[in-house]
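Student: Input: one structure, supplied below.
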Amino acid sequence: MILYKYMSVDGIIKTVQGASLLARPINGYNDPFESLPAFTDETIEKYFSTLCKNSHFLRRLQQERHILGGSYKIPQLRMLMEEDRAYRRKVLSGLLTQSKATPIEFAIDLQELASQHFGIVSFTKNPSNILMWSHYADHHRGCVVALETSLVWNDELIYPVNYRSSRVLFTGEGPEKENEALALTKSPDWCYEEEYRMIELVAESEWQDDRGQRTAKVELKQGQIRWICVGIRATDAELVQLRETLTQTSFSDVPVLRAQLHPTDFKIILPDECAI
């Protein structure tokens, strides 16, 4: 399968030098609704039971002594939450009366927990979208990259994003199924992206700090990059720099092309060599 990725010139240089793309955690993207579930009264209780097994959440919960009715160590609190349903429901009810623990706050907690274990690499099926060039290719100073996904990655793990007006309802059916549905659902406002996503399991030790954001590397191999097409605002110097950088990597045979503006229409024209 051929998919495309928009990025800056600096971004593609780092990509070929490191022979890798960057996966970002679910909550590392620009949409605050990213992977944010909706709850019913029934499912929020199911979720709260799941949340209470997480040490990070229990450490936060320790501070709510007036709701807990006392001070507890983490093992004690975990056991109490697991074994005493009536007490767990009482604590949940107390939390929900506080503005900082509304259902949307629980949804953000779920988003944060998923972000610890799942990374996303985003692609698109459209290499000539004007908005995508503007938003993700450095205002047409960057580039779009054609990627052959099946050479390294399992195409069955790369999914199209679903665009719909309502958020995914949390069901309590399990984190793997839950997180996949959440990660692949976005508002119709984003449909112009025609996005595909690869969802990667990421161990905590694999996350790195990239200018204040967490990222994890996903390997790229020779032959995966079919071509690189720079935008109409990229300078000749940047074009030369990119080509020189490629000669020093395993992607030295990748052609570097340049996009053009359509003479009469609102269209980006890619060179004939971009046809696949």
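Every read-out reported here was derived from the displayed coordinates using simple, explicitly stated rules and does not represent laboratory data. Since this is a predicted model, take the numbers as computed values, not measurements. Cβ atoms come from the backbone with ideal geometry, glycine included; neighbour counts cover every protein chain shown.
Student: Hey, can you rank 220-227, 67-74, 28-35 by average C-beta count inside 10 Å, highest first?
Tutor: Numbers: 220-227: 17.8, 67-74: 12.9, 28-35: 15.2.
Top to bottom by mean Cβ count within 10 Å: 220-227, 28-35, 67-74.
Student: Helix-only estimate, please: 222 nm mean residue ellipticity of the chain, summing -39500 (n - 2.57) across DSSP H runs of length 4 or more and dividing by its residues, to the nearest 500.
Tutor: -10000 deg cm²/dmol
Student: To continue, here is another question. With a point put 7 Å past each Cα toward its Cβ, work out how far L96 is from R243 in nm, to one decimal.
Tutor: Output for this residue pair reads 6.4 nm.
Student: Compute the relative contact order of the chain as a whole-number percentage, counting only Cα pairs closer than 8 Å that sit 6 or more residues apart in sequence. Can you show the working numbers first?
Tutor: On the way: 446 pairs, mean separation 82.0, N = 276.
It rounds to 30 percent for the chain.
Student: (1) 21.0; (2) 19.3; (3) 23.9: which one is Kirkwood radius over Cα pairs in Å as calculated from this entry?
Tutor: Here Kirkwood radius over Cα pairs in Å agrees with entry (1).
Student: Mind pulling the angle between the C-alpha long axis of helix 236-247 and the longest principal axis of the chain? Nearest 10 degrees, somewhere in 0 to 90.
Tutor: Once rounded, the angle reads 80 degrees.
Student: Find how much the distance from D253 to R226 grows on full extension, using 0.36 nm per residue of separation minus their present alpha carbon separation; answer in nm with one decimal.
Tutor: Working: separation 27, 0.36 × 27 = 9.72 nm, distance 0.92 nm.
Stretched fully, the D253-R226 segment lengthens by 8.8 nm.
Student: As I understand it, the value is the acute angle between the Cα axis of helix 9-18 and the longest principal axis of the Cα atoms of the chain; what does it come to in degrees, rounded to 10?
Tutor: 80
Student: Highest first, please rank the peptides 5-11, 247-253 by the mean number of other Cβ atoms sitting within 10 Å of their residues.
Tutor: Highest-to-lowest ranking by the protection proxy: 5-11, 247-253.
Student: Taking Cα atoms, how many degrees apart are the long axis of helix 103-115 and the longest axis of the chain, rounded to 10 and kept between 0 and 90?
Tutor: 60
Student: Separate question: Treating only the Cβ atoms of Lys and Arg (+1) and Asp and Glu (-1) as charged, compute the dipole magnitude of the chain about its Cα centre; round to the nearest 20 debye.
Tutor: Numbers: 31 positive and 38 negative charges, 159 e Å.
Dipole magnitude for the chain comes out near 760 debye.
Student: Hey, another quick one. Give me a comma-separated list of calculated 3J(HN,Hα) values for the range 199-210, in order, Karplus coefficients 6.51, -1.76, 1.60 applied at θ = phi - 60°, integers in Hz, x for any Gly or Pro.
Tutor: These are the phi-based 3J(HN,Hα) values: 9, 10, 6, 10, 6, 4, 6, 8, 6, 10, 8, 10 Hz.
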